[in-house]
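These notes concern the structure reproduced below.
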Ligand SMILES: Cc1ncc(COP(=O)(O)O)c(C=O)c1O
């Protein structure tokens, strides 16, 4: 059986080398006679796996020492809640930037805890851009500013880190973390669900500056408390051990590829190739302002949407799968995270050219 090129937005492809290693280690992890899944999270084997994963992530992202790194359950969605719980710290308002479907979900959840000031929104532009910074209405008394650096559904990605002065910046990096180097010191909190660029679903990574934690509302659930989780090395309760272990293998794979500088070059090149065919052929269109086009999620439409079904059927026959766009926007979406090889993007481009030639004007 040969593996397909899976363009899913998440759970997404994992590096084949990682899957092979996990398969090799499945029944007998490092001569222990047991799989890592069957071990106590408090035993020395798993504790060493967990610590190594954290260290590798710190190395890859160059995370400063005054940041805690947490591996938590509940996905990025739980962090929509955990962020206001942990970061309001007695304040009653937070700023949110609205650039698409995931921003909106984060906003809806924060509204349960505080006054949300939507400081800028691109909804009037149908989320095809990032609002111009000169028009942002940031509140200097906000507890934090939240934004979504990459909107997985709309395919809109910030090409800059917003400057929020002394107000902590919070980023939902679910679909762009580890795609290139970033300056972690510019952020108060970075969080991300794993199932795109980190590993399998089931774990979320939270990177939080240590002066921001420890003032959670005492009525809030302990599992959401960054300070308690940091004190317990993310093992306040049983962590998602297998997802954490696999994330660790992905981090080692990323290091072996040359780290995030290298991944950034590869990702930039993969995305540029795909957008250039979309722009070149009248048959395809992408609505996003070119500066803000995502390197990770590339939505596109066909000139005639009656051909969508055929496009999906024929691409799947060639092993190019899960190209259907999100139900809210239609069309197609190719998610091309770290584990999507350049050959996968090349194969998609070839298919798109052939399809356009056959079915275009
Ligand atoms: C940007 C973004 N934020 C949040 C989520 C929700 O993540 P989870 O399903 O891990 O809760 C997703 C999932 O696709 C996402 O793309």
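Descriptive notes on the structure:
- Counting residues in region 326-347 that are over 22 Å from the mean Cα position of the chain (by Cα) and either in a loop (DSSP other than H, G, I, E, B) or buried (at least 16 other Cβ atoms within 10 Å of the Cβ) (or both) gives one or more.
- Complete set of residues in region 191-212 that are surrounded by fewer than 24 Cβ atoms within 10 Å (Cβ to Cβ) and within 16 Å of residue 64 (Cα to Cα): 207, 209, 210, 211, 212
- Residues in region 152-169 that are within 12 Å of the ligand (Cβ to nearest atom) and either assigned to a strand (DSSP E or B) or free of Cβ contacts under 8 Å to residues at least 40 places away in the same chain (or both): 156, 157.
- For region 260-273, the criterion of being in contact with a strand residue (DSSP E or B) (Cβ under 9 Å, 6 or more places away or on another chain), more than 23 Å from residue 158 (Cβ to Cβ) and not assigned by TED's automatic domain parsing to the domain that holds residue 125 is met by none of the residues.
- Scanning region 40-66 for residues that are part of a helix (DSSP H, G or I), over 29 Å from residue 179 (Cβ atoms) and in contact with a helix residue (DSSP H, G or I) (Cβ under 8 Å, 6 or more places away or on another chain) returns a single hit, 45.
- The residues of region 175-187 that are within 15 Å of residue 63 (Cβ to Cβ), in contact with a helix residue (DSSP H, G or I) (Cβ under 7 Å, 6 or more places away or on another chain) and either crowded, with 24+ Cβ neighbours inside 10 Å or modelled with pLDDT under 95 (or both) amount to a single one, 178.
- Condition met for residue 21 (in contact (Cβ under 8 Å) with a residue 40 or more places away in the chain and within 16 Å of the ligand (Cβ to nearest atom)): no
- Condition check for residue 101: surrounded by fewer than 22 Cβ atoms within 10 Å (Cβ to Cβ) and under 18 Å from the mean Cα position of the chain (by Cα): yes
- Residue within region 237-249 that is surrounded by fewer than 24 Cβ atoms within 10 Å (Cβ to Cβ), more than 21 Å from residue 339 (Cβ to Cβ), within 16 Å of the ligand (Cβ to nearest atom) and at pLDDT 95 or above present: yes
- Single residue of region 74-98 satisfying the filter (assigned to a loop (DSSP other than H, G, I, E, B) and more than 10 Å from the ligand (Cβ to nearest atom)) that is farthest from residue 233 (Cα to Cα): 92
- Residues (within 23 Å of the chain's Cα centre (by Cα) and in a helix (DSSP H, G or I)) located in region 1-39: 16, 17, 18, 19, 22
- Considering only residues in region 206-259 that are out of contact with any helix residue (DSSP H, G or I) (no Cβ under 9 Å at 6 or more places or on another chain) and part of a helix (DSSP H, G or I), the one that is nearest to residue 143 (Cα to Cα) turns out to be 211.
- Counting the residues of region 290-307 that are closer than 20 Å to residue 128 by Cβ and out of contact with any helix residue (DSSP H, G or I) (no Cβ under 8 Å at 6 or more places or on another chain) gives 7.
- Residues in region 175-190 that are touching a residue at least 40 places away in the same chain (Cβ under 8 Å), within 14 Å of the ligand (Cβ to nearest atom) and not in a loop (DSSP other than H, G, I, E, B): 189 alone.
- Residue in region 36-48 that is within 16 Å of the ligand (Cβ to nearest atom) and touching a residue at least 12 places away in the same chain (Cβ under 8 Å) present: no
The values are calculated or read from the model by the stated rules, or taken from the named source; none is laboratory data. Not measured: the values here are computed from a predicted model. Every residue, glycine as well, gets a Cβ built from its backbone with ideal geometry; the counts of neighbours run over all protein chains shown.
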